[in-house]
Amino acid sequence: MRLISVVQHTSAEYLGLIEDHLEGRGIRFKYYRPFTEGGKLPERDSVREGLILLGGGPWGGAGGRDVPTLGQEVKLAHAALMFETPVIGIGLGAQILAIAAGGRSEPTTLEFAVTTARRVDAEALNGYLPEEYPLAVYMRDWPVPPSYARVLARDPADRAVLWQIGERAFGFAGHPGLKVAMVEDLIMEFDESPADAGPVLDRLRLSQRAMEDALVPIMTGLVQRAGWMQDAPLAGFQPLSDFTGAGASGGGSVRHSRKIRAVQRAQIERSRRAKTPAMAWPRLWKRFSSPMSRMYPPRRSMLSTGWRRE
């Protein structure tokens, strides 16, 4: 079973909605908190299955207010790139990844914004990246990837907000799984906070459902590109161009979790029908392959997840 090392830079910022997607696929993760007393970064040899570098709130990487462990994390990310380890950088983590890959971090003030990202590469994340998706940024300084990086998405100011290094490293300027409570905690955790954050928080609340919807195909493509699934994706199926239309009405994390489980159930059911091994969810696979499940198959509505046969 995969074990991904996740580096936090503040108490408030964590994986957020991304946790559901990893747990649902049986992918384990372990948080490292070097900012706490006795906390430390993961060892280089322990990150070979995956490394995620999270955001840092008002901490940056361009010299103005650098996170204290910047140098160590750049070395760790560089080693992971040399190992061809999957590396995901989010916010400050994207700055660290950019520096480790030969890029840089550009000085900017602390920014809190909710806008829209547009895809500029049709094959981004194996074709799963939506054409447009909500972009929530809470970050000081801005990651500038090296010239050889593959830019996948840009913001309204034409800045690169999602880019790829090699085959399995990705930098996200915004946090794709950001929750409103995380930003509220960041504002309370530090003396420094963005000016006039209230209206932006309101926009983030209104964008939560769209962010949850967009995260489903983003994580599907990201997990495939990172190689965190034991088996290859099923042949003969492709995602609908508008993946965000799937799912029942509802709200909050319950709706989000139901959508994730529906996607997983549909893939497992197709795997069973094609007589191929289960991909990543052994407990659900056991459920669907049992005699009881064949007597009482899943409802059709459970399998309506935005997939279609070519």
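Amide hydrogen proximity for Gly89: with H placed 1.01 Å from N in the peptide plane, the residues at 5 or more positions away or on another chain lying under 5 Å are Leu53, Phe170, Gly171, Phe172. Taking a ≥ b ≥ c as the square roots of the eigenvalues of the Cα gyration tensor of the stretch 3-226, is the shape rounded (a/c under 1.5), prolate (a/b larger than b/c) or oblate? Verdict is rounded for the stretch 3-226.
Given a Förster distance of 45 Å, report the FRET efficiency between Glu37 and Glu131 from their Cβ-Cβ distance, rounded to the nearest 0.05. The formula returns an efficiency of 0.50 here.
Extension gain for the segment Ser147 to Arg65, taken as residue separation times 0.36 nm less the Cα-Cα distance, is 27.0 nm to one decimal.
On a C-alpha basis, how far is the centre of the stretch 115-185 from the centre of the stretch 1-76 in Å? Whole number, if you could? When both Cα centres are located, 18 Å separates them.
Between Glu19 and Glu111, the modelled labels are 2.8 nm apart [label points 7 Å from Cα along Cα→Cβ].
Amide H contacts of Asp66 (H built 1.01 Å from N, in plane; Pro and chain starts excluded): Gly60 sit under 5 Å, all sequence-distant by 5 or more or on other chains. Near Arg2, the amide H atoms lying under 5 Å from its own belong to Arg28; only residues 5 or more places off or on other chains count, and H is placed 1.01 Å from N.
Using the average count of surrounding beta-carbon atoms within 10 Å as a protection proxy, the listed peptides 72-78, 86-92 rank, highest first, as 86-92, 72-78.
Readers should treat all values here as calculations from the given coordinates under stated rules, not as data from a laboratory. Here the structure is a predicted model, which is why all the values come from computation and not from measurement. Note: ideal-geometry Cβ built from the backbone for every residue, glycine included; neighbour counts use all protein chains shown.
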